[in-house]
Amino acid sequence: MSCAECRTAYSGQKINLPHPVLPARWSFRPLNIPVTLPRVARIRIAATTEIAEGKTITFSFTRDDRPQEGFVGRFKGKLFAYENTCRHIPLTLDYGDNRFFDSKGETLICQTHGAVYEPDTGLCTRGPCAGASLFALEIIEENGAVWFAEEPL
């Protein structure tokens with residue numbers, strides 16, 4: 001239905017048209033319609049400067065009302081974050097000692113079975129879960145800090 005057809009068909013009636021009808025001389029002004037977004041808990045993991053190249057920091061979060069652990073690190077200048085769970089058997093990658101990188105700082109290693117993961121993609125390249133990937137976590141770098149957003153409250 002065109003604008004002219006809408007005006008003719010609904011003349012004098014208060015309706016919600018299928019599309020906005022504004023005279024050409026009017027300028028567009030955004031409508032102030034309140035929108036309710038879900039509240040999301042943000043967890044401050046660390047200051048950006050605390051996460052040096054080849055280093056990691058663990059953090060706790062909640063998913064589906066269950067406590068989880070993640071880790072954030074820096075590889076080739078970029079931050080990454082994954083769940084601290086091996087894809088072979090659901091055990092932590094570290095022994096609780098925050099050691100995820102190999103001695104050269106080039107790959108992530110599962111301390112239990114030796115699975116080797118690429119830091120930038122999370123892909124397992126060697127070991128019992130080759131071809132599987134770590135579960136990536138979304139992080140935000142803002143105001144000099146690294147943040148993780150938990151599920152909506």
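Each reported figure results from applying straightforward, stated rules to the coordinates on display, with no laboratory input. What you see is a predicted model, and the numbers here were worked out from it, not measured in a lab. Note that we place each Cβ from the backbone using ideal geometry, even for glycine, and neighbour counts take in every protein chain shown.
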Filter result (within 18 Å of Gly96 (Cα to Cα) and assigned to a loop (DSSP other than H, G, I, E, B)) within region 108-128:
Cys110, Gln111, Thr112, His113, Gly114, Ala115
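Looking at region 84-97 only, could you name the residues that are surrounded by 14 or more Cβ atoms within 10 Å (Cβ to Cβ) and of a type outside the set (Asp, Glu)?
So in region 84-97, the residues surrounded by 14 or more Cβ atoms within 10 Å (Cβ to Cβ) come out as 84-88, 91-94.
Residues satisfying the conditions are Asn84, Thr85, Cys86, Arg87, His88, Leu91, Thr92, Leu93.
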